[in-house]
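To start, the structure itself, in structure tokens.
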Amino acid sequence: MELDSKYNPSEVESKWYQYWLDHGFFHSTPDDREPYTVVIPPPNVTGVLHMGHMLNNTIQDILVRRARMQGKNACWVPGTDHASIATEAKVVAKLAAEGIKKTDLTRDEFLEHAWEWTRKHGGIILEQLKKLGASCDWDRTAFTMDEVRSESVINVFIDLYNKGLIYRGVRMVNWDPKALTALSDEEVIFKEQQGKLFYLRYKIEGEDGFAVVATTRPETIMGDTAMCINPNDPKNAYLKGKKVIVPLINRVIPVIEDEYVDIEFGTGCLKVTPAHDVNDYMLGEKYHLPSIDIFNDNGTLNENGAQYVNMDRFDVRLQIEKDLEAAGLLEKVEAYTNKVGFSERTDAVIEPKLSMQWFVKMEKLAKPALNAVMKNEIKLYPPKFKNTYRHWMENIKDWCVSRQLWWGHRIPAYFLPQGGFVVAHSKEEAYQKALSTVNYELSIEDLRQDEDVLDTWFSSWLWPISVFDGINHPENKDIEFYYPTNDLVTAPEILFFWVARMIIAGYEYRGDLPFRNVYLTGIVRDKLGRKMSKSLGNSPDPLDLIAHYGADAVRLGMLLTSPAGNDLPYDDSLCEQGRNFNNKIWNALRLVKGWEIADIPQPESSVLAIQWFDAKLSQTIIEVNDLFDKYRISEALMAVYKLFWDEFSAWYLELIKPAYQQPIDKATIEMTIVFFEKLLKLLHPFMPFITEELYHALKDRDEEDSIMMSILPRANVVDLTLLAAFENAKEIIAGIRTIRLQKNIPNKEALILQIMSEHQATLSAVILKMANLSKIELVNEKVAGAVSFMVSTTEYAVPLGSLIDVEAELKKLNDDLNYQQGFLISIQKKLSNERFVANAKPEVVVMERKKLADAESKIESLKEAIEGLKTV
């Protein structure tokens, strides 16, 4: 196969990806090999590829391709998530643009629009992953709302309900007024906000005095049903047993006492609004206070909002401040910074709200999942996230799983006309169950299914099981073979949302962990340290990067600075570095393929080069295996990168390279092709496209012979003595090259190397070739005018003779000597100053003394060199 003068990624990538698909290399079925399984974190069905996806899926592909090349049965299951809130929001926006309101449609009509949207946009991100080189088993593509996954979700809900682990009740929930749905605690993001602290006057009933309350939310006073003080607070003891009047509303409410109140906050008086604050709700439950809900679902005030009915909550805050001041009921206002909860999906300010919802009891379910991580049965990389995980799991709350949406898995609960409900797989089954529980006439049309859908995470927590249909058919061949999976690659921000819940589901429904290792990626940031996002306009389009640099270059760029759990400071120069490496590999093979081969003796330098590189290759294979075992994937890449660039290209190829227009011997070229193939195999998981192209360019191969199906090279016994000797030889060669550079001696001029002590001649042929020496000789004393250097404890010298301009060199040395002598005097003056020595930091004095010793050593060397040149 002829190689073009330049590597063209776009031609190569499409060709080989289609080749892999056509030959079914990504597809897996159970057999007698060791399974290696990865399930993709399913991206939102409406999503498009972003930089975080690029990093995450590159790492997954590396692990899967490597496992395949270790002879394992590798299965990477792709799929997408129906993303209830995000998808419904997009469909609502699309309909609004067409002049259609969601409220104008029936549920079924709306769902038809949602399915149409999903069919149109649902496959985009998976097609984009193919451009990256993702070696997923596309035949296994799953969707959280396809038939198998939907059936799994409903079965689990019914099972947990039957076990008494799902219940329905009125609880304080996080309400998203924009998405019009409840959210779990984990879907609330707290942000620091600059606000105000309002000091409100509550008139004491039957007296002239006031009790003053500090609040950040004066718009909620319409829901106040008590005032609370701490019984141990002397400054508010006068309020005990009294009643106060809510400002503007004139509702009389009791003063209650509870140690929950912080004496130091504000005035020590707390307004209690049980319907709109989590802590107030608990006080309300404890003291049997009435609960007055003042908000509509969209964040406007309802009929309990007095004169502010139908106004938005934040508009009410502005207006009520003016009204309180006008009524003389606002004592003062202070600037105040506090943390406010925002919806992770819509960025709306969360409203705590009493609502009838469905919950999963989590405390008992969570225990096996906590133990698995704490005992390292499931390992987190990096392990620093164990503490975060433990904190979440030890403080777990019941999971609110109902969402007031239409797009999603509808809750399988059916309400009866005279109260109560039954949980069943279908309306028909619910009807049969209901008939056995009610004592009145009932028709199937009397049953009304719950309007709510389940939290999206309630389907994705089953993902490692449901992709193999392990919920519906728990003993099928696939689940028995592929479960538990091996590695999960995901982001730390969904460690609880998704990872912990999958572990919980794994133990509940398989009695086993869902995966053994969790690799947590960092956040991709720009060079200013900002998180990449559309809103900031600082995130490049990954497909544009692939089109410009090539997929292999982008994969390499994403990995060069992405240690597990740490953020990735991205810059286009990383992709540039990746492209340069592609070109380096390409040109290295073009060089090798360009040599003429002849039946000639093998030079000693080539014999040594082969022995050395074989040892170096084996040493790197051992290192890379160790790094992969520790999930230090970026470092593994760097080890192979340096092996190719620094050792193979810069040393091995230079050592074996024949003289200009001369042929290379057969033995050397054959071993070079062997080495090149091994290097390509080591690089393939990181750079799949160029390695497949060059694998086929190395030699003729069968149609089925793909690098991705080959076995990774194994390490031979490493000759550490040879490697150490070669590193020593490199230093000697570097010393000679430095002299050439300093003295402007062309590389074509052969030099002599003199050695002033014993010398191991093992690698002399290497030194002779790489330094272009005519000979190496052992001497007792170097010749006059020779330039010397040290490697370890051995002195080496290069006689220069007529190769340099003695007069110009003497001038240069004398100028340097004068400078060094002047520098020495300045250091001596400083150190002879007793005040400096006494007052300076000890480390500064030590540094100055080191400078003195270095200057004296340089002066001695310069004088010796000058004397030597004078005799030339």
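Here are a few things to note about the model shown:
- On Cα atoms only, tilt of 633-642 relative to the major axis of the chain in degrees: 20 degrees
- Translational D in µm²/s for segment 643-691 (Stokes-Einstein at 20 °C, 1.002 mPa s, Kirkwood Rh from C-alpha pairs): 180 µm²/s
- Taking amide H as placed 1.01 Å from N in the peptide plane, the amide H of A142 sits under 5 Å from that of G79, T80, each at least 5 places away or on another chain.
- Neighbour cut-off at most 14 other Cβ (10 Å), DSSP loop, chymotrypsin sites (Phe, Trp or Tyr not before Pro), segment 265-322: F265
- Helix 842-870 and the longest principal axis of the Cα set of the chain meet at an angle near 30°.
- In a simple Cβ point-charge model (Lys, Arg +1; Asp, Glu -1; nothing else charged), segment 2-155 has a dipole of about 460 debye relative to its Cα centre.
- Largest-first principal axis extents of the Cα set of segment 1-145 (Å): 62, 44, 26
- Local electrostatic count, P412, Cβ distance below 10 Å [Lys/Arg +1, Asp/Glu -1]: 0
- Rounded accessible area of K678 (nearest 10 Å², 1.4 Å probe): 50 Å²
- Solvent exposure, largest accessible area first (probe 1.4 Å, DNA, RNA and ligands not counted), of V783, V212, V272: V783, V212, V272
- Taken about its Cα centre, segment 653-696 carries a charge dipole of roughly 80 debye when the Cβ of each Lys and Arg holds +1 and the Cβ of each Asp and Glu holds -1.
- If you look at the Cα atoms of the chain, you get an Rg and a Dmax of 37.4, 124 Å.
- In straight-distance terms, cross-link reach from K339 covers every one of the lysines whose alpha-carbon lies under 24 Å from its own, apart from those fewer than eight places away in the same chain; here that gives K178, K191, K196, K271, K353, K397, K531.
- For segment 651-760, the list of chymotrypsin sites (Phe, Trp or Tyr not before Pro) that fall in a loop by DSSP and count at most 11 other C-beta atoms within 10 angstrom reads Y660.
- Dipole of the chain [Lys/Arg +1, Asp/Glu -1 at C-beta], most positive-end residue of Y570, H684, L778: L778
- Diffusion coefficient of segment 303-440 by Stokes-Einstein, Kirkwood radius over Cα pairs, 10 °C, 1.306 mPa s: 75 µm²/s.
- Loop-located chymotrypsin sites (Phe, Trp or Tyr not before Pro) across segment 194-239 with a Cβ neighbour count of 13 or fewer within 10 Å are lacking, with loop assigned by DSSP.
- Distance histogram for segment 185-310 (every C-alpha pair counted, 10 angstrom bins, percent rounded to whole numbers): 12, 42, 35, 10, 1
- Summing charges over neighbours of I444, with a neighbour being any other residue whose Cβ is under 10 Å away from its Cβ, gives -2 when K and R count +1 and D and E count -1.
- Taking only Cα atoms of segment 560-623, radius of gyration then Dmax in Å: 18.2, 54
- Carbon + sulfur, % of accessible area of segment 206-320 - ligands and nucleic acids excluded, 1.4 Å: 51 percent
The values are calculated or read from the model by the stated rules, or taken from the named source; none is laboratory data. Here the structure is a predicted model, which is why all the values come from computation and not from measurement. Please note: Cβ atoms are built from the backbone with ideal geometry, for glycine as well, and neighbour counts cover all protein chains shown. Just the protein is used for accessible areas: all its heavy atoms, side chains included, with ligands, DNA and RNA removed. Shrake-Rupley method; radii C 1.70, N 1.55, O 1.52, S 1.80 Å.
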